[in-house]
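Here's the structure, in structure tokens; my notes come after.
The values are calculated or read from the model by the stated rules, or taken from the named source; none is laboratory data. Only a predicted model underlies this, so the values are computations on that prediction, with no experimental measurement involved. Every residue, glycine as well, gets a Cβ built from its backbone with ideal geometry; the counts of neighbours run over all protein chains shown.
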Amino acid sequence: MSDIVVRRAHTGDENAILGLLRELAVYERLEHRFRITPEIITHDFFCAPPAVGCDLAFLDERSAGIATWYSTYASFSGTRGIYIEDFFVPGELRRRGIGRALLAHVAKHAVETGVTHIQWSVLKWNRPAIDFYEGICAERIDDWHIYRLVGKALQNLAAS
């Protein structure tokens with residue numbers, strides 16, 4: 001039987017993080033946006049306090065999944081949350097319980113620290129992920145659109 005181990009990432013995991021995030025970028029057809037480096041990971045993931053949380057899953061000591069996340073706050077309800085920025089298990093390792101173990105690890109952290117909700121986004125075409133999320137009874141929120149201000153538009157607004 002294969003052993004799944006999930007733990008918080010630490011110094012020395014930079015290459016595992018980089019590799020999994022690169023695979024995610026390729027899977028999501030976003031490799032053209034991939035800019036992160038081991039130096040950025042060291043600076044942002046392992047600073048004090050870290051800019052982002054990162055949990056890694058291992059299967060038989062092989063890096064097998066990643067979740068990056070950060071804290072959020074819901075001002076209307078006065079509650080803290082977690083937003084999962086990246087969640088990925090390589091295709092050949094899916095359907096072995098790795099994704100569930102990884103998400104359960106984030107959920108355990110949430111419960112232990114008083115966080116009331118975990119939220120994330122999924123690409124509309126990513127049916128396997130949607131099926132997985134619905135299989136764990138995650139609620140889909142259809143009432144909102146996601147917007148991003150970036151590049152020239154961000155610079156223009158900042159300068160106004």
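On the basis of being in a strand (DSSP E or B), in contact (Cβ under 8 Å) with a residue 40 or more places away in the chain and either over 15 Å from His105 (Cα atoms) or touching a Phe, Trp or Tyr at 6+ places or on another chain (Cβ under 8 Å) (or both), does Gly65 make the cut? Show your work before the answer.
On the way: in a strand (DSSP E or B): yes; in contact (Cβ under 8 Å) with a residue 40 or more places away in the chain: yes; either over 15 Å from His105 (Cα atoms) or touching a Phe, Trp or Tyr at 6+ places or on another chain (Cβ under 8 Å) (or both): yes.
Spelling it out, Gly65 is indeed in a strand (DSSP E or B), in contact (Cβ under 8 Å) with a residue 40 or more places away in the chain and either over 15 Å from His105 (Cα atoms) or touching a Phe, Trp or Tyr at 6+ places or on another chain (Cβ under 8 Å) (or both).
Taken over the range 95-129, the criterion of being surrounded by 10 or more Cβ atoms within 10 Å (Cβ to Cβ), in a loop (DSSP other than H, G, I, E, B), of a type in the set (Lys, Arg) and at negative phi is satisfied by Arg96 alone.
Name the residue, out of Gly53, Gly78, Gly151, that is more than 12 Å from the chain's Cα centre (by Cα) and under 20 Å from Phe34 (Cα atoms).
Values: Gly53 fails: more than 12 Å from the chain's Cα centre (by Cα); Gly78 fails: under 20 Å from Phe34 (Cα atoms).
Going through Gly53, Gly78, Gly151 in turn, just one is more than 12 Å from the chain's Cα centre (by Cα) and under 20 Å from Phe34 (Cα atoms): Gly151.
Any idea which residue in the range 33-53 is surrounded by the most Cβ atoms within 10 Å (Cβ to Cβ), counting only those that are closer than 23 Å to Ser121 by Cβ and of a type in the set (Val, Ile, Thr)? Step by step, filter the range 33-53, then rank; the result is Ile41. Just one of (1) closer than 19 Å to Ile82 by Cβ; (2) of a type outside the set (Asp, Glu); (3) without any contact (Cβ under 8 Å) to a residue 40 or more places away in the chain fails for Thr42. It is (1). Consider Ser77 carefully, then state whether it is under 25 Å from Ile146 (Cα atoms), of a type in the set (S, T, N, Q) and not in a helix (DSSP H, G or I). Taking the combined requirement at face value, the residue satisfies it. The criterion of being under 27 Å from Gly114 (Cα atoms), aliphatic (A, V, I, L, M) and either at pLDDT below 95 or assigned to a helix (DSSP H, G or I) (or both) holds for Ala48.
Yes or no, residue by residue, for (1) of a type in the set (Phe, Trp, Tyr); (2) crowded, with 18+ Cβ neighbours inside 10 Å:
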position	(1), (2)
Asp3	no, no
Glu28	no, no
Glu31	no, no
Asp55	no, yes
Phe76	yes, no
Gly81	no, no
Ile84	no, yes
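In the range 130-147 there is at least one residue matching the filter, namely being in a loop (DSSP other than H, G, I, E, B), more than 21 Å from Leu24 (Cα to Cα), basic (Lys, Arg) and out of contact with any Cys (no Cβ under 7 Å at 6 or more places or on another chain). Figure legend. Inter-residue proximity from the range 147-160: first residues farther than 20 Å from Ser121 by Cβ, second residues surrounded by 10 or more Cβ atoms within 10 Å (Cβ to Cβ) and of a type in the set (A, V, I, L, M), beta-carbon distance below 7 Å, spacing 6+ or different chains. Indicated pairs: Leu157/Leu149.
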